[in-house]
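Below is one structure, written out as structure tokens, with a few remarks after it.
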């Protein structure tokens, strides 16, 4: 029986299945949170991004007991949807017929989730199409990825950029995904590198296991920018 150090393949397989279940559980909590956001009709005009963010955070705690988040809580509307993760744009007020992105990285029972959706207020066809397109492209990309057995992260990034352009948009993200796991998840040896991100400078195989022989679990994020109309849509969840 093959071993990694003193750990057997059988033990690793069991751990991988357990990890998948715990990550799926964390994501399921995120799904329920985002459903609750809609059911409670929190996304309405004349509310600031900051106020909505505070309300979502409060809902996460009161309904699901979530008081820890592994990345900053993001609510962005209008032109702020063009911003990347590291940006800190000015606080905007949500408008009628606006487009809004919510991106939360909750920690549920010690495990990370990273989940984002785009919402459209009103019936603007351009915004509705943008939202629908990023979701459709996300699932097409997931289906393609699941057929691969070897794939450089840099090649996957290019695939996502090409997919975005096929839909008639510009890719807006610096990365297109990253790993998640038990909090805090594995970090690269060089903190300034993109070795655990879907990034053009990461030429590592995404199917490589970590130093302990465990599978890595990836988030796929897609950021479609409509430059003509100065808006963007975003979707993110487990790949």
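We did not get these values from a lab; they are worked out from the coordinates using the rules stated. All values derive from a computational prediction rather than experimental measurement. Backbone-built Cβ (ideal geometry, glycine too); neighbour counts: all protein chains shown.
Placing a pseudo-label 7 Å from each Cα along the Cα-to-Cβ vector at residue 229 and residue 14 gives an inter-label distance of 5.3 nm. Scaling against 2.2 N^0.38 Å puts the C-alpha radius of gyration of segment 136-239 at 1.09.
Out of all Cα-Cα pairs in segment 31-138, roughly what percent, to the nearest whole number, are more than 23 Å apart? I get 26 percent for the Cα pairs in segment 31-138 exceeding 23 Å. Distance from the alpha carbon centroid of segment 164-230 to that of segment 49-85 works out to 21 angstrom. Where [x] 29, 22, 17; [y] 32, 22, 15; [z] 27, 20, 18 are the candidate values, the label of the one calculated here for semi-axes √(5λ) of the Cα gyration tensor in Å is [y]. Footprinting exposure proxy ranking of 149, 164, fewest other C-beta atoms within 10 angstrom first, gives 149, 164. If the segment from residue 93 to residue 182 were pulled out straight at 0.36 nm per residue, it would be longer than the present Cα-Cα gap by 28.5 nm.
Taking every DSSP helix (H) stretch of at least 4 residues in the chain, weighting each as -39,500 (n - 2.57) and dividing the sum by the residue count yields a mean residue ellipticity at 222 nm of -12000 deg cm²/dmol. As a length-normalised measure over Cα pairs under 8 Å and 6 or more apart, the relative contact order of the chain settles at 21 percent. A Förster radius of 30 Å, combined with the Cβ-Cβ distance separating residue 149 from residue 193, puts the computed FRET efficiency at roughly 0.80. In segment 122-182, inverting the average of 1/r over every pair of distinct C-alpha atoms gives 13.0 Å as the Kirkwood radius.
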